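FYI, it's all coordinate maths here, none of it is from the lab. Computed from a predicted model, the values in this text were never measured in an experiment. Cβ: placed from backbone, ideal geometry, glycine included. Neighbour counts: every protein chain shown.
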Amino acid sequence: MTYVTGLLTKAGYDEVTGQRRTIAIRHPQGLAALMQSLSYVGPISTLYRLKQPDTAQRDAIAAEIQAEFTRYILPDGSLEMPGAMMYYKAIAP
């Protein structure tokens, strides 16, 4: 039993299920827009806040991220990356 389904079961919910689904994560504005948002959204923003990298370090991080994300650029310039989500269902007591 996963952590979440265990919590729901302990809370008294019935017929608790969890399912992992593969999804496409899409950024319609493309790589440049994604790179602009990294410093204030998501795990990179947390890294920046906690470690406070200098400009050279930020540039190096951005270059590595950009290099990795280029493989997900679609012909129209948008990005589409593979992802996964967990969906949970439970019946309230």
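In debye, nearest 20: dipole of segment 29-77 around its Cα centre with unit charges on the Cβ of K, R (+) and D, E (-)?
I would put it at about 160 debye.
Through the Karplus equation 6.51 cos²θ - 1.76 cosθ + 1.60, θ set to phi - 60°, convert the phi angles of segment 38-52 into ³J(HN,Hα) values in whole Hz; use x for Gly and Pro.
The phi angles translate into 4, 6, 10, 9, x, x, 5, 5, 5, 4, 4, 5, 6, 9, 6 Hz.
Would you work out which of A33, T70, L47 lies farthest towards the positive end of the dipole of segment 29-77? Charges go on Cβ: Lys and Arg +1, Asp and Glu -1.
Sorting the options by dipole projection puts first L47.
Can you tell me which of L74, L38, L50 moves the most in a GNM of the chain? Springs connect C-alpha atoms under 10 Å apart.
Of L74, L38, L50, the most mobile in the Gaussian network model is L50.
Sticking with the crude label model, points 7 Å out along Cα→Cβ, report the distance from E80 to K51 in nm, one decimal please.
Roughly 3.2 nm, to one decimal.
When the helices in the chain are scored as -39500 (n - 2.57) per DSSP H run of 4 or longer and the sum is shared across all residues, what 222 nm value do you end up with, to the nearest 500 deg cm²/dmol?
On the way: 4 runs with 40 residues, N = 93.
Computed ellipticity for the chain at 222 nm equals -12500 deg cm²/dmol.
Between the helical axis of 55-69 and the dominant principal axis of the chain, each derived from Cα atoms, what acute angle in degrees is found, rounded to the nearest 10?
60 degrees
Which whole-Hz ³J(HN,Hα) couplings does segment 20-35 yield from phi under the Karplus relation 6.51 cos²θ - 1.76 cosθ + 1.60, θ = phi - 60°, glycine and proline marked x?
With the stated coefficients, segment 20-35 comes to 8, 10, 7, 9, 9, 9, 10, 10, x, 7, x, 5, 4, 5, 4, 4 Hz.
Averaged over every viewing direction, what's the projected area of the C-alpha convex hull for segment 29-77? Give it in nm², one decimal, please.
Values: hull surface 13.6 nm².
It is 3.4 nm².
What are the radius of gyration and Dmax of the chain, computed over its Cα atoms and given in Å?
18.7, 55
Say each of Y87 and T9 gets a label point 7 Å from the Cα, pointing the same way as Cα to Cβ; how far apart are those two points in nm?
For the pair Y87/T9, the computed spacing is 2.2 nm.
About the Cα centre of the chain, how large is the charge dipole given +1 on each Lys and Arg Cβ and -1 on each Asp and Glu Cβ? Please answer in debye to the nearest 20. Display every interim value, and only then the final one.
Numbers: 9 positive and 8 negative charges, 50 e Å.
Charge dipole, the chain, about its Cα centre: 240 debye, nearest 20.
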